[in-house]
Amino acid sequence: MTHAPYDRAPGDTSPSGRPQEAETYPLLVYTTGLFLALLLTATSFWVANTSLLWPPGVPLGLAVLAIAQMGVHLVFFLHITTGADNTNNVLALAFACSLSPW
């Protein structure tokens, strides 16, 4: 028998009688995501305006930082993970990206 998570209020008991474990505190997840997004944004501004980097490598560095920024947003704000209960979200995201005109 597989474990199927259902939404319950904190403190509610499951059909087996055991209390539901508390999930990760959402404010901590959002704060971590915000910190990482701000760090990546500040880093991209630094990369674009510095003379310390090899000039032809700047666009590649900005592309890497942009992809990392997208990853942070997907994981911390849109909660796209590789969990079994998240398959529909990943499929919806892939379908939306396939329809994009870019």
*asked:* Using a 1.4 Å probe on the protein heavy atoms only, what accessible surface does W46 show? Give it in Å² to the nearest 10.
replied: 130 Å²
*Separation between the A42 and L91 pseudo-spin-labels, each 7 Å from Cα along Cα→Cβ, expressed in nm?*
4.2 nm
*asked:* Heavy atoms only, 1.4 Å probe, whole protein assembly: order Y30, Y25 by accessible area, highest first.
replied: Y25, Y30
*Given a 1.4 Å probe and the protein chains all in place, what does the accessible area of V72 round to, in Å² to the nearest 10?*
20 Å²
_I80, I67, reordered so the largest accessible area comes first (probe 1.4 Å)_ = I67, I80
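The values are calculated or read from the model by the stated rules, or taken from the named source; none is laboratory data. Remember, it's a predicted structure, so these values are computed and weren't measured experimentally. Positions of Cβ are backbone-derived with ideal geometry, glycine not excepted, and every protein chain shown enters the neighbour counts. For the accessible areas, the whole protein counts, side chains as well, though only heavy atoms, and no ligand, DNA or RNA atoms are used. Shrake-Rupley method; radii C 1.70, N 1.55, O 1.52, S 1.80 Å.
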